[in-house]
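Engineer: Here you go, one structure.
Coordinate-derived values only; no laboratory data. None of the values given here were measured: they were computed from a predicted structure. Note: ideal-geometry Cβ built from the backbone for every residue, glycine included; neighbour counts use all protein chains shown.
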Amino acid sequence: MPFIDIENMTPIEPLPGCRLRTPYGENLMLSHVDMDEGAAIPTHDHPHEQGGIVLKGKLELTIDGEARILEAGQMYIIPPNTPHKAVAVDGPAVALDVFSPVREDYAEAFNKYIPAD
């Protein structure tokens, strides 16, 4: 799958108001994250390294207890096994996350690292 039309991918919705499209290769995964205003990905951690960029809107991102509001064009890197969470603030937000290695839970469309309420 060398070329990807994200609009033709069926999203998964692991949490209310949070839709993911997650194409992946052998060693990395892209995750197009579309969040409604106020949608939250609760504090969690996983063994994958994660980096990303906010494409639209604003995200309040907390990494290892440090919170910041990120706007379009700002990037982040989250080391493996580091607690983090994200909340879309002041409207909807879109981000592109990159994971290495591939997140097996997203590949299977089930996220075992985000606790269920």
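Engineer: What is the set of long-range amide H partners of residue 39 at a cut-off below 5 Å, with H atoms built 1.01 Å from backbone N?
Structural biologist: Answer set, sorted by chain and number: 88.
Engineer: Sticking with this structure for a sec: Using only the Cα atoms of the chain, build the gyration tensor, take square roots of its eigenvalues as a ≥ b ≥ c, and label the shape rounded, prolate or oblate: rounded if a/c is under 1.5, else prolate if a/b is larger than b/c, else oblate. Mind showing how you got there, number by number?
Structural biologist: Details: a/c = 1.38, a/b = 1.18, b/c = 1.18.
The shape class here is rounded.
Engineer: Now for a separate question. Taking θ as phi - 60°, what are the ³J(HN,Hα) couplings along segment 38-51 by the Karplus curve (6.51, -1.76, 1.60), each to the nearest whole Hz, with x for Gly and Pro?
Structural biologist: Each residue's phi maps through the Karplus curve to give x, 4, 10, 9, x, 4, 7, 9, 7, x, 8, 6, 9, x Hz.
Engineer: For segment 72-80, just list the computed ³J(HN,Hα) in residue order, Karplus coefficients 6.51, -1.76 and 1.60, θ = phi - 60°, integers in Hz, with x standing in for Gly and Pro.
Structural biologist: 3J(HN,Hα) across segment 72-80, in whole Hz: 3, x, 8, 10, 8, 10, 10, x, x.
Engineer: Moving on. Net charge near residue 66: determine it from the other residues with C-beta under 14 Å of the C-beta of residue 66, scoring Lys and Arg +1 and Asp and Glu -1.
Structural biologist: Around residue 66, the surrounding residues sum to 0.
Engineer: Rank the residues 20, 96 as a footprinting-exposure proxy: fewest other Cβ atoms within 10 Å of their Cβ go first.
Structural biologist: Details: 20 20, 96 15.
Fewest-to-most ranking of 20, 96: 96, 20.
Engineer: Report ³J(HN,Hα) in whole Hz for each residue of segment 16-25, in order, from the Karplus equation J = 6.51 cos²θ - 1.76 cosθ + 1.60 where θ = phi - 60°; Gly and Pro get x.
Structural biologist: x, x, 10, 10, 10, 10, 10, x, 8, x
Engineer: Then there is this: Around residue 85, under 11 Å between beta carbons, what's the net of Lys plus Arg minus Asp minus Glu among the other residues?
Structural biologist: Cβ neighbours under 11 Å give a net charge of -3.
Engineer: Quick check: pseudo-label points 7 Å beyond the Cα along Cα→Cβ at residue 96 and residue 60, how many nm apart are they?
Structural biologist: 2.7 nm
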